[in-house]
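The values are calculated or read from the model by the stated rules, or taken from the named source; none is laboratory data. Keep in mind that what you see is a predicted model, and the values were worked out from it rather than measured. Note that each Cβ is placed from the backbone with ideal geometry, even for glycine, and that neighbours are counted across all protein chains shown. SASA here: full protein model, heavy atoms, side chains in, ligands and nucleic acids out. Shrake-Rupley method; radii C 1.70, N 1.55, O 1.52, S 1.80 Å.
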Amino acid sequence: AKDYKGSYYDKGHLAPNADFLLKTKWQEESMYYTNCAPQNPNLNRKVWKSLENYVRGLAKKYDVEIYTGCIYTGSQEYVGKLIVPTYYWKVIIYNGKTEVYLIPNITPTKKFTEYKVNSTQSTQLIRK
């Protein structure tokens, strides 16, 4: 946490801490840096939070597989020793469907649903 102190960025969780409320050890482990990356506070507290809530809603209805990560494209900004990601991504697989979200690590101007992409779009966006 000391790396984030005084920085602009939030400690963005890839696997959300709130998903582990019933498992204290898992909740503690969700705070490890291996599960976190610097995230724009407006992304973390608004769009990303909405996406996480959407996934929780799906998980109440379906078996869900969730994959989440960061993309670093030319970013040289650091928080402590941590590189600030350019994008956050999330893949959600449920009920025979796949949804892919690619969200720039900036102050977002759209709802999370507007960051939904297909594989061709995601490749084009990342290469820009």
| request: Add +1 for every Lys or Arg and -1 for every Asp or Glu among the other residues with Cβ under 13 Å from the Cβ of PRO38, and state the total. | output: 0
| TYR72-THR113 FRET efficiency (beta carbon distance; Förster radius 30 Å; 0.05 resolution) | 0.75
| message | For the pair ILE83/ASN17, report the inter-label distance in nm, with labels modelled 7 Å from Cα in the Cβ direction. | response | 2.6 nm
| said: Debye calculation, C-alpha points only, no solvent: report log10 I(q)/I(0) for the chain at q = 0.14 Å⁻¹, in the same order as the q values. | reply: -0.63
| Summing -39500 (n - 2.57) over the DSSP H runs of n ≥ 4 in the chain and dividing by its residue number, what mean residue ellipticity at 222 nm do you reach, to the nearest 500 deg cm²/dmol? | -6500 deg cm²/dmol
| task | First check a/c for segment 1-69, with a ≥ b ≥ c the square roots of the eigenvalues of its C-alpha gyration tensor; if it is under 1.5, answer rounded, and if not, answer prolate when a/b is larger than b/c or oblate otherwise. | result | oblate
| Cα-centre dipole for the chain with unit charges at Cβ (Lys and Arg positive, Asp and Glu negative), debye to 20 | 280 debye
| field | Sparse-neighbourhood loop sites, trypsin sites (Lys or Arg not before Pro) in segment 2-84 - DSSP loop, at most 12 other Cβ within 10 angstrom | value | LYS2, LYS5, LYS23, LYS81
| Once amide H atoms are built 1.01 Å from N in the peptide plane, which residues 5 or more positions from ASN105, or in another chain, come under 5 Å H to H? | TYR87, TYR88
| request: Using a 1.4 angstrom probe on heavy atoms only, work out the carbon and sulfur share of the accessible area of the chain in %. | output: 53 percent
